[in-house]
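The values are calculated or read from the model by the stated rules, or taken from the named source; none is laboratory data. Predicted, not measured: the structure shown is a model, and the values here were computed from it. For neighbour counting, all protein chains shown are included, and Cβ atoms are generated from backbone atoms with ideal geometry for every residue, glycine included. Ligands, DNA and RNA are stripped out before the accessible areas are found, and what is left, the full protein with its side chains, is counted by its heavy atoms. Shrake-Rupley method; radii C 1.70, N 1.55, O 1.52, S 1.80 Å.
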Amino acid sequence: MDRLEPRVPRPKRAFSTLGGPVDTGGEARAAALLRGLFDVDPAAARALTHGFHSYAGRMHPSIARGAIAAWSAPGDTVVDPFCGSGTVLVEALAAGRAAIGVDASPLATAIARVRTTVLGADGRERLVEEAARIAEESGDRARRRKRPEVPQWARNEITRFHAHVLYELLGLRELVFMTGEDDVGRALRLCLSSILVKFMRTGPEAPRDGETKRIARGVPSRMLADRAAELARGLAALERRAPEGTPAPRVADGDARELPVDARRAALVVSSPPYAGTYDYAAQHAVRFAWLGLSARSFRRAQMGARSGGVGEASGDDWGADQRRFVAEIARVLRPGGHALLVVGDGVVDGRPEHAPDAIAEAGAPVGLEPVARASQARPIRDRRLAAIFAAQPRREHLLLLRRRG
Ligand SMILES: C[S@@+](CC[C@H](N)C(=O)[O-])C[C@H]1O[C@@H](n2cnc3c(N)ncnc32)[C@H](O)[C@@H]1O
């Protein structure tokens, strides 16, 4: 939602009204619980630190919350091997579970850390004050039309932003990067990353009216301060919700095919793995990588199932092998009797649709991960090529519940 627009409260609406009927299978009680998870609470999407930073393919917090309540107990460990921006970790912390998140993208882990490091009252106050100070200085520079030096890496950014917006954002970045790399400094960097796309004219994350929107001098600076204040409020709410003694979530840069997690550590895995051939997370977030000074090189090699160009261009051999490896890792880190709740979408491999529940069940059988139940719902398709591939059958998103054999 654009923070420049007035906020319009939306009514509580079931996800299922967007995607049509929900079809279930497997054990009746578990299937009914899964069906209920599709009835998401829209308010949850902005609660705690969930609204802080956009991220492609985010899980709805309601789904994470419901799964954690249903299949784990306070004090248990919940693992998300594809933690992305940290939705599952936030909900686990709020529910008094120890949480471990892993992602191959350094952007993902940076966001997840900021969203789950509560900072304490002093830290939050420092965050808000620092952001206000930076915003004032940067806004003042922008109104006096003082241009910062344009670093080498940013030479092409003029194609993405109007010139005066680019100069103001670069000035902001300069000030933000002058703060230390402690928890507050990391939060400020992510505040900058979170507002960038609001001002983009072009690119995969640009707002639809990006090309035409007029942005006054000083607006980006003000937005940085607002975003820091919003983050501080979310972190305070998270700190209030987390039961005393809950450990801080551990966020690790790593590969889901080789999880840096002990065997049998988790009571529950909650995760949404990449959907085969649908996204390219490195390309999708390229601007944030550049502005945060992060390298996407090793992530490009590690990311699984990515479309190499157009939608559907994932190789079946690679994807099949990758899927077997990450499913085996989920089985390894689960304790016997533990559950995995996976949010998976039908993907496209070698240009053909892949029915995700069958593929996961096939990969889970040899490693003792058994399907318990599923709930499935059709998803609208906007991409023309994808629509052609799924012409004969709907493309669906599934909530899959699996259990580690005892
Ligand atoms: C659907 S997103 C997860 C979003 C997350 N649930 C959230 O709410 O933000 C899938 C994630 O898988 C990550 N990923 C892709 N390949 C990976 C790999 N080999 N190991 C770990 N993570 C990987 C991507 O970086 C992306 O963050």
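Tell me which helices (runs of 4 or more DSSP H) are completely within the range 146-262 and hold 3 or more residues being touching a Pro at 6+ places or on another chain (Cβ under 7 Å) and surrounded by 19 or more Cβ atoms within 10 Å (Cβ to Cβ), or say none if there are none.
Here the list reads 163-178.
For the condition within 16 Å of the ligand (Cβ to nearest atom) and more than 12 Å from the chain's Cα centre (by Cα), what is the one hit in Ala43, Ala56, Ala94? If you could, list the steps in order and put the result at the bottom.
On the way: Ala43 fails: within 16 Å of the ligand (Cβ to nearest atom); Ala56 fails: more than 12 Å from the chain's Cα centre (by Cα).
Unique residue meeting the criteria: Ala94.
Can you name the residue in the range 259-295 that is among the aliphatic types (A, V, I, L, M) and near the ligand (Cβ under 10 Å from one of its atoms) and, of all such residues, is farthest from Ala110 (Cα to Cα)?
Of everything passing the filter in the range 259-295, Val270 is farthest from Ala110 (Cα to Cα).
Quick check: anything in the range 72-85 near the ligand (Cβ under 9 Å from one of its atoms), touching a Pro at 6+ places or on another chain (Cβ under 7 Å) and assigned by TED's automatic domain parsing to the domain that holds Pro336?
Within the range 72-85, one or more residues are near the ligand (Cβ under 9 Å from one of its atoms), touching a Pro at 6+ places or on another chain (Cβ under 7 Å) and assigned by TED's automatic domain parsing to the domain that holds Pro336.
At least 1 residues that are small (Gly, Ala, Ser) and buried (at least 17 other Cβ atoms within 10 Å of the Cβ) in each: list the strands (runs of 3 or more DSSP E) lying fully within the range 274-363 that qualify.
Because the criterion is at least 1 residues that are small (Gly, Ala, Ser) and buried (at least 17 other Cβ atoms within 10 Å of the Cβ), the strands (runs of 3 or more DSSP E) in the range 274-363 that meet it are 334-345, 347-349.
Please specify each residue of the range 91-119 satisfying the condition of being part of a helix (DSSP H, G or I), out of contact with any His (no Cβ under 9 Å at 6 or more places or on another chain) and either of a type in the set (Ser, Thr, Tyr) or open to solvent by less than 20 Å² (accessible area, probe 1.4 Å) (or both).
Listed by number, the residues that qualify are Ala92, Leu93, Ala94, Thr109, Ala112, Thr116.
Anything in the range 364-388 that is in a strand (DSSP E or B) and out of contact with any Gly (no Cβ under 9 Å at 6 or more places or on another chain)? List them, or say none.
Pass one, the range 364-388, residues in a strand (DSSP E or B): 369-378.
Listed by number, the list holds a single entry, Leu369.
What are the residue pairs meeting all of these: first residue in the range 371-394, first residue in the same structural domain as Ala356 (by TED's automatic domain parsing), second residue basic (Lys, Arg), Cβ atoms under 6 Å, and 6 or more apart or on different chains?
Val372/Arg403; Ala375/Arg35; Ser376/Arg396; Ala378/Arg396; Arg379/Arg395; Ile381/Arg395
Do you know which of the residues in the range 41-88 that are aliphatic (A, V, I, L, M) and in a loop (DSSP other than H, G, I, E, B) is surrounded by the fewest Cβ atoms within 10 Å (Cβ to Cβ)?
Checking each candidate, the answer is Ala73.
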